[in-house]
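The values are calculated or read from the model by the stated rules, or taken from the named source; none is laboratory data. Everything quoted here is computed from the prediction, not taken from an experiment. Cβ: placed from backbone, ideal geometry, glycine included. Neighbour counts: every protein chain shown.
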Amino acid sequence: MTTILKTENLTIRFGGHIAVDHINFEMPENQFKSIIGPNGAGKTTFFNLISGELKPTEGKVYFKDEDMIRFSSVDRTRKGLGRSFQITNVFPNLSVLENVRIAVQSKEKIRYQMIRHISKYTSLSQKAEELLGLVRLYSKKHVIASQLSHGEKRKLEIAMLLALDTEVLLLDEPTAGMSLEEVPAILEVIRRIKEQGNKTILLIEHKMDMILDLSDSIMVLFNGKVLADGTPIEIMQNEMVQNAYLGGLYDEHIAKS
C-alpha cells in the first residue's frame, strides 16, 4: 500500500515537558486509522503538528513525500490535509448550503462577484448539495448554521472538509459533546465516507466500540510515545496496551461480542 502521510522523529517540547516524543508514523492511502490513549498522551498535539497548528521542536511531516514543515495550516489544507476540531468551526450566520458552497468556491479558486447573479454559480451549489446529501444534511440546506444541533454542526464541518477535496481527513473527537442520540448519525456519516474508498481517515476518539468497528488499524499513544500500532484485534490483545490504557475494556468488549 502507498504511504500518503508519515512522520519522522516528530517531537515537540513545552519547556521541560516532551508532549510528542520522536514519533515515527506511516499512514497508508485510503485506510482508516484511529489514535487512542489516555488524556495527556499527546493525541491532539500530534494532530496539531501534522496539520500545522504547531511547529515541531524537531522531526518531519511528509504528505505524499513532500516535506510539510514549511507550510502553514491553511497551505496544508489546500494541499489535501483537512483537519476538524473538537469544537465546531463553521460560519454560524450563513445557511448550511452557503457554508459548503463557500468551501467549494474556495477550492475552485472562484472569486465571488456581487454583480453576478447567484444562478451563475449553479455548479458550486450542485457540488455543495451532493456533499450535504452524503452527510445527511440535505434537508437542512436552507437552515442557518447557528440553529443546527451540535451533532449537525459536526456533520456540516465534515462536509466543508470534503468540499475542499481533502485527501486526508484528520478527525479530532468528532463525537465530543454530542448526546447519545446524535452519535449514531455522525458514525453513519464517517462510515459512508470510508465506504467510498477514496479518503484516508485519521481519527482521535474515545468511544472504543466506534473505533473497533471502523478502524483498519489503531495506534496507541502513551506519554507522547507510540506504545503500539496494529490491527484492532492486535491492539485489544496487546498486554502493554492493556496495562497502560485499556484496563477492563477488552474483557468488556469480548463479553458484548
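Points to keep in mind about this one:
- Out of 188, 152, sole residue that is surrounded by fewer than 17 Cβ atoms within 10 Å (Cβ to Cβ), charged (D, E, K, R) and out of contact with any Gly (no Cβ under 8 Å at 6 or more places or on another chain): 188
- Of residues in the stretch 31-60 being within 13 Å of residue 80 (Cβ to Cβ) and either among the hydroxyl-bearing types (Ser, Thr, Tyr) or touching a residue at least 40 places away in the same chain (Cβ under 8 Å) (or both), the one surrounded by the fewest Cβ atoms within 10 Å (Cβ to Cβ): 51
- For the stretch 75-82, the count of residues that are modelled with pLDDT under 95, under 16 Å from residue 157 (Cβ atoms), part of a helix (DSSP H, G or I) and not small (Gly, Ala, Ser) is nonzero.
- Of the listed requirements (1) without any contact (Cβ under 8 Å) to a residue 24 or more places away in the chain; (2) closer than 21 Å to residue 174 by Cβ; (3) assigned to a strand (DSSP E or B), residue 26 misses just one: (2).
- Of everything listed in (1) at pLDDT 90 or above; (2) out of contact with any strand residue (DSSP E or B) (no Cβ under 8 Å at 6 or more places or on another chain), the single unmet condition for residue 94 is (2).
- Verdict on residue 90 being touching a helix residue (DSSP H, G or I) at 6+ places or on another chain (Cβ under 6 Å), in contact (Cβ under 8 Å) with a residue 40 or more places away in the chain, crowded, with 16+ Cβ neighbours inside 10 Å and not in a strand (DSSP E or B): yes
- From the options 223, 238, 243, residue that is buried (at least 17 other Cβ atoms within 10 Å of the Cβ), more than 24 Å from residue 169 (Cβ to Cβ) and more than 15 Å from the chain's Cα centre (by Cα): 238
- Qualifying residue in the stretch 61-74 (condition: at pLDDT below 95 and outside any loop (DSSP other than H, G, I, E, B)): yes
- Residues (in contact with a strand residue (DSSP E or B) (Cβ under 6 Å, 6 or more places away or on another chain) and aliphatic (A, V, I, L, M)) located in the stretch 1-38: 1, 4, 5, 10, 12, 19, 20, 23, 27, 35, 36
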